[in-house]
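Below you'll find the structure, written out as structure tokens, and then a few comments.
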């Protein structure tokens, strides 16, 4: 691994362990076992490294979404994609919170835009089958907001002085959103 990659991996580690609030040149350099001038040489500043780390985190997230097995049924694909998103946030809650923070600050992150475009494609596949109960954009908004709400339960567990959310609660959020998005499947008549 070259020094640039070492620093990037260290930055992601710092974000995962302490979130953006604990991100600093000193913390990253301690993990990477380098001095500050090395960080500045490769990334220009702590913010330059933070931006690169966020881009890499979103790229990892996107690769996870793209690598997910696509089911023959678009409804199953959306359900599995929803679950994959929540698993990412559950496994890396501080990093996820930092990523969402960047989005809320208005950062333009191509991998995040590509992940949302992937969601739209899957929703359009449901629409092509005549099973979408809402316009595609409204369905995307509903699924996007529900998956982020479920993911935030992992982020706020400490704030709520609680452990991870009850899996039944997370599943309920998912199922209520999907029920609002999909028309019921029609049963085929026996022949």
### Candidates 13, 56, 137, ranked by Gaussian network fluctuation over the chain, Cα under 10 Å, top entry
137
### Query
Convex hull over the alpha-carbon atoms of the chain: what's its volume per residue in Å³?
131
### Message
Can you show me the helix-derived [θ] at 222 nm for the chain, built from DSSP H runs with n ≥ 4 at -39,500 (n - 2.57) apiece and divided by the number of residues, rounded to the nearest 500.
### Response
-24000 deg cm²/dmol
#### Entry: Packing-based exposure ordering (other Cβ within 10 Å, fewest first) of 1, 99
1, 99
### Query
Give or take rounding to whole Å, what are the principal axis extents of the alpha carbon atoms in the range 50-98, in descending order?
39, 17, 11
### Query
Across every pair of different alpha-carbon atoms, what Kirkwood hydrodynamic radius in Å does the range 92-191 reach?
15.5
### Query
For helix 74-91, what angle does its Cα long axis make with the longest principal axis of the chain, in degrees from 0 to 90 and rounded to 10?
30
### Task
Would you mind computing the Rg to Rh ratio of the range 1-67 from its alpha-carbon coordinates, Kirkwood style for Rh?
0.98
#### Entry: Highest-fluctuation residue, 179, 60, 114 considered, GNM on the chain with Cα pairs under 10 Å
179
### Message
From Cα pairs below 8 angstrom and at least 6 apart in sequence, can you work out the relative contact order of the range 51-181, rounded to a whole percent?
### Response
30
### Query
Using r as the Cβ-Cβ distance of residue 9 and residue 149, and R0 as 30 Å, what FRET efficiency do you calculate, to the nearest 0.05?
0.50
### Task
Work out how far the C-alpha atoms of the range 100-141 reach from end to end along every principal axis, then list the three figures in whole Å, largest first.
36, 15, 10
### Message
Percent of Cα-Cα pairs more than 19 Å apart in the range 1-113, please.
### Response
48
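A short reminder: the numbers here are calculations on the coordinates, not readings from a lab. Everything numeric in this text was worked out from a predicted model, so none of it was measured. Cβ coordinates were reconstructed from backbone atoms using ideal geometry, including for glycine residues, and neighbour counts include every protein chain displayed.
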